[in-house]
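Have a look at the structure below before the remarks.
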Amino acid sequence: MGSSTPGEAILRSARTVTTPALLYDLDAVTATVRELREDTAPFPKSVLLFALKANRFPPLLRHLADLGVGADVASPAEYRAAREAGMDPISVTGPGLTGDRLAAMAEQGALVDVDGVDQLRSLLQTRPSPREIGLRLRVPMAEQDRTSGRRASRFGVDPADPELHRLLAGTDTRVVRLHVHSGEIGTPDRADLLTSALTTCLRAFPQVRELNLGGGLTTLYTDRQQARRAWKRVAERLAGAPVRVLLEPGMLTTALAGYLVVRLRSVDGFPDGRGYAVADASGWNLFTWGSPRVVARLPERDGPGRPHLIGGVTCYENDVLAEEVSLSDPRPGDRLVFNASGAYTASMMRDLHGWGPPHQEVVRAEGGRNT
């Protein structure tokens, strides 16, 4: 979904914007949301919740709210950002949230999903405690996500835990939502497995009316037809169940809609013949979860190119924005545009040396820019 190639509106902005800058193409975000809704049409009812861990830029969040997209949040800061943007509904789950904090969010209309038994105990001790809650379920991790050797996610509750049921039995709090999220969904088989786990638990929690399949949809959408097959299988498994489906795309929604614009500060070379240029941003600070590539150079120059390492602005030896970029006659002041920078860039940035965040703007083909 989306495009790795910047449109003319992004390129126009990239020529004049204060650098370093993150530019978000709102038209690309709109197109991705539209395609997600088309693909999940087999569900009788579905809701998209943008995962704010991917991006918290207020104008971008307001645009998603205008599109009718809700929010998935895991902290007080994300919750405030979602409310200020007018996003609805807001789904809340996170292991660090206290019971009183969850209760306050529920009182304001948030969909609160409990992450653990001790968190549930804390929540039920608040007064008043919520009448309706969700449960995040602990599920097996996908094979590609078992980097620590663990097979089960560290998040969520065991739906068969006797203490969980004992706590619930002593209150009038109803479990109306079940929630899973563990890494990338990745394949139709994984989507089917997660849906099967949720539907199996419906027997233990008969008042459930919402199933949240979580996020991690980027790998699945490397092939849109594969994604459609996954949603078709999910719809078939849910046939006849009186539930609505929630999805939490984050990276998928905004990654390819975002571009990092940098300006070269100096140009040099290595003894092996490769060129070396220093940009006014830091790959170490910004590219925690991504590997963007250069998709435009401003101005363009004709002539034979040679490989250049694009170094970052910090004193860390391995601060590199790109290892091999073919450039012809680069000069200080030239601008480079990197793709795939719309998610997990500003929201996860480090701040070595205190360089601070890049300037941020949203861009529309019609309607100009907004900071």
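The values are calculated or read from the model by the stated rules, or taken from the named source; none is laboratory data. Everything numeric here is computed off the predicted structure, so don't read it as measured data. Note: ideal-geometry Cβ built from the backbone for every residue, glycine included; neighbour counts use all protein chains shown.
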task: Would you confirm whether any residue within region 241-249 is surrounded by fewer than 16 Cβ atoms within 10 Å (Cβ to Cβ), at pLDDT below 95 and within 30 Å of residue 342 (Cα to Cα)?
output: no
- prompt: Looking at region 110-120, which of its residues are within 14 Å of residue 174 (Cα to Cα) and not in a strand (DSSP E or B)?
  reply: 120
message: For the condition buried (at least 17 other Cβ atoms within 10 Å of the Cβ) and more than 24 Å from residue 37 (Cα to Cα), what is the one hit in 97, 49?
response: 97
task: Taking residue 264 as the residue in question, decide whether it is within 21 Å of residue 185 (Cα to Cα) and either aliphatic (A, V, I, L, M) or assigned by TED's automatic domain parsing to the domain that holds residue 194 (or both).
output: no
message: Condition (residue is in contact with a strand residue (DSSP E or B) (Cβ under 9 Å, 6 or more places away or on another chain), at pLDDT 95 or above and within 30 Å of residue 60 (Cβ to Cβ)) applied to region 198-207: is it met by at least one residue?
response: no
message: Being at pLDDT 95 or above, farther than 29 Å from residue 29 by Cβ and among the aliphatic types (A, V, I, L, M) is the requirement here; does residue 133 meet it?
response: yes
- prompt: Being touching a residue at least 60 places away in the same chain (Cβ under 8 Å), surrounded by 17 or more Cβ atoms within 10 Å (Cβ to Cβ) and not in a helix (DSSP H, G or I), is that true of even one residue in region 123-131?
  reply: no
message: Return the residues of region 339-356 that are on the phi < 0 side of the Ramachandran plot and aromatic (Phe, Trp, Tyr); say none if nothing qualifies.
response: 355
statement: Among strands (runs of 3 or more DSSP E) completely within region 292-371, the ones holding 1 or more residues that are crowded, with 18+ Cβ neighbours inside 10 Å and either in contact with a Pro (Cβ under 8 Å, 6 or more places away or on another chain) or modelled with pLDDT of 95 or more (or both) are 294-298, 306-311, 320-327, 335-338, 359-364
message: For region 260-319, which positions are without any contact (Cβ under 8 Å) to a residue 12 or more places away in the chain and over 23 Å from residue 363 (Cβ atoms)?
response: 268, 269, 271, 272, 317
query: Among the residues of region 165-180, is there at least one that is within 25 Å of residue 56 (Cα to Cα) and either touching a strand residue (DSSP E or B) at 6+ places or on another chain (Cβ under 6 Å) or of a type outside the set (Val, Ile, Thr) (or both)?
result: yes
- prompt: When you scan region 147-183, how many residues do you find that are surrounded by 17 or more Cβ atoms within 10 Å (Cβ to Cβ) and of a type in the set (Asp, Glu)?
  reply: 0
message: For the structure I just gave you, tell me whether residue 266 is touching a Lys or Arg at 6+ places or on another chain (Cβ under 8 Å) and surrounded by fewer than 17 Cβ atoms within 10 Å (Cβ to Cβ).
response: no
- prompt: In region 209-240, which residues are in a loop (DSSP other than H, G, I, E, B) and in contact with a helix residue (DSSP H, G or I) (Cβ under 7 Å, 6 or more places away or on another chain)?
  reply: 213, 217, 218, 238
field: Looking only at region 13-26, and only at residues there that are over 25 Å from residue 78 (Cβ atoms) and in contact (Cβ under 8 Å) with a residue 12 or more places away in the chain, the one that is surrounded by the fewest Cβ atoms within 10 Å (Cβ to Cβ)
entry: 18
- prompt: Within region 263-285, can one find any residue that is more than 31 Å from the chain's Cα centre (by Cα) and β-branched (Val, Ile, Thr)?
  reply: yes
- line: Filter region 250-263 for residues that are closer than 18 Å to residue 35 by Cβ and in contact with a helix residue (DSSP H, G or I) (Cβ under 7 Å, 6 or more places away or on another chain); the one that is surrounded by the fewest Cβ atoms within 10 Å (Cβ to Cβ) is 256
